[in-house]
Amino acid sequence: MRFDTLAVHAGQPPDPAYGAVMTPIYQTSTFAQKRVGEAEYDYARTANPTRTALQQCVAALEGGKHGLAFASGMAAIDTVLRLLRPGDHILASNDVYGGTYRIFKRVYAIYGIHASFVEMGDLDNVRAALQPNTRLVWVETPTNPLLKIADIAALAELVRSHAARPWLVVDNTFASPYLQQPLLLGADIVVHSATKYLGGHSDVVNGVIVLNDDALHAQLKFLQNAVGAVPGPFDCFLVLRGIKTLPLRMERHSANAQRIAEWLAAHPAVSRVFYPGLPDHPGHATARRQMRAFGGMVSFVVKGGAAVARQVVERTRLFTLAESLGGVESLIEVPAAMTHASVADSPLAVDPALIRLSVGIEDVDDLIDDLAQALAIAPTA
Ligand code: P1T
């Protein structure tokens with residue numbers, strides 16, 4: 001089946017009990033066993049039918065074999081990191097979500113698992129930065145918040161030919177599987193903050209891992225149950241419901257963001273715009289090859305610095321000043337002070353004059369009007 005059909009149906013046949021068309025919310029912690037140990041489901045941390053539906057659905061959308069759902073994107077990321085041992089090395093994109101940087105540096109470093117950061121758009125750089133003990137190559141593309149692009153197929157080839165044979169992990173949160181399917185390009189593991197585009201309505205926190213390898217899946221499934229950062233059935237239901245419209249939403253997010261990026265690029269108060277759909281973006285050609293469209297995230301730098309950026313984000317009326325992204329409603333934020341506060345004073349520190357937009361599915365002319373009035377106070381030189 002094709003993507004748009006999978007988004008509506010994958011993992012969700014009518015419920016076997018009563019034929020419910022929408023997957024029921026199995027709000028139960030435990031399941032009756034016919035005889036000792038004889039039951040399809042036994043305990044809801046281990047498995048729950050609503051969660052199974054979500055896991056199968058996202059796996060199908062990513063063109064992968066196995067899906068595992070978690071209580072948040074960070075819980076999904078944490079579970080992948082638990083595959084590592086003291087002494088292992090992570091090579092990560094030099095622009096990542098602040099929480100990803102924080103879990104590397106402030107949670108796993110204590111256990112002797114160290115991360116270094118590299119420009120993933122430059123393959124020679126990546127090759128030179130790989131170490132004999134590199135277990136994970138951790139890639140965001142597009143990255144959060146600078147929308148840098150990495151060539152997934154080229155990175156997959158690189159890790160496969162390297163003696164250490166690290167796993168290539170792609171955080172596909174910004175693209176969503178509608179725009180980009182990293183496993184089909186050779187990645188080993190995909191992670192998502194399903195809080196974002198998969199859920200799509202800013203009403204749930206959730207995370208997903210997708211992969212093909214059976215043995216690795218068994219390890220991650222063991223960790224999912226052993227550690228227990230699982231999502232509740234209602235949260236899984238909300239993500240499933242959101243996913244049904246993922247293709248429609250991503251088309252609109254992308255079209256709106258393209259218009260806004262072009263408008264910002266011509267605005268006299270804006271010094272730089274980061275959007276892979278702009279022809280002068282350094283990753284534009286790669287993005288065009290590996291993505292169906294360029295997504296709903298746009299970042300830009302205002303002339304006048306941090307104080308002006310803060311004023312602008314507090315002046316919008318339609319764009320809500322908030323962290324997170326990927327919902328139907330437009331959001332605006334200053335990463336340096338908000339989502340990326342944890343990279344302050346590090347080599348990954350973000351320009352305090354950078355503003356990040358999560359462009360929603362509203363009428364784009366209303367969004368542009370709102371940005372225009374907010375930017376009216378910004379200096380043009
Ligand atoms: O928030 P959570 O569902 O735990 O997901 C963490 C996460 C993982 N990966 C990426 C690329 C992310 O952007 C996030 C969360 N990001 C935000 C909350 C944000 O506003 O950028």
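What follows is calculated from the coordinates using simple rules that are stated; it is not laboratory data. Remember, it's a predicted structure, so these values are computed and weren't measured experimentally. Every residue, glycine as well, gets a Cβ built from its backbone with ideal geometry; the counts of neighbours run over all protein chains shown.
Here are the numbers for this structure:
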item: Theoretical FRET efficiency, 1/(1+(r/R0)^6), r = Cβ-Cβ of Ala153 and Glu262, R0 30 Å, to 0.05; result: 0.60
item: Cα pair count fraction exceeding 17 Å, expressed as % - the stretch 16-115; result: 66 percent
item: Length gained when the stretch Asp15-Gln311 is fully extended (0.36 nm per residue, less Cα-Cα span); result: 101.5 nm
item: Convex hull volume per residue for the stretch 165-313, taking Cα atoms only, in Å³; result: 158 Å³
item: Taking Tyr26, Tyr178 and counting other C-beta atoms within 10 Å, the order from fewest to most; result: Tyr26, Tyr178
item: Estimated FRET transfer efficiency (Ala372, Glu329; beta-carbon r; R0 22 Å; 0.05); result: 0.70
item: Exposure proxy order (Cβ contacts within 10 Å, fewest to most) of Asp151, Asp171, Asp366; result: Asp366, Asp151, Asp171
item: All aspartates and glutamates inside 20 Å of Lys105 as judged from Cα atoms, apart from same-chain residues fewer than 8 positions distant; result: Asp78, Asp88, Asp95, Glu119, Glu140, Asp171, Asp345
item: Residues Thr23, Thr320, Thr50, sorted so that the one with the fewest Cβ neighbours within 10 Å comes first; result: Thr320, Thr23, Thr50
item: Isotropic mean projected area of the C-alpha convex hull, the stretch 3-243 (nm²); result: 13.2 nm²
item: Solution diffusion estimate, µm²/s, Stokes-Einstein, the stretch 266-381, Kirkwood Rh from C-alpha pairs, 25 °C, viscosity 0.890 mPa s; result: 166 µm²/s
item: Peptides ranked, highest mean first, by Cβ atoms within 10 Å: ranges 295-304, 217-226; result: 295-304, 217-226
item: 14 Å Cα-Cα reach of Lys303 towards aspartates and glutamates, excluding residues that sit fewer than 8 places from it in its own chain; result: Asp351
item: Stretch gain in nm, segment Val36-Val8, where the contour uses 0.36 nm per residue and the Cα spacing is subtracted; result: 6.4 nm
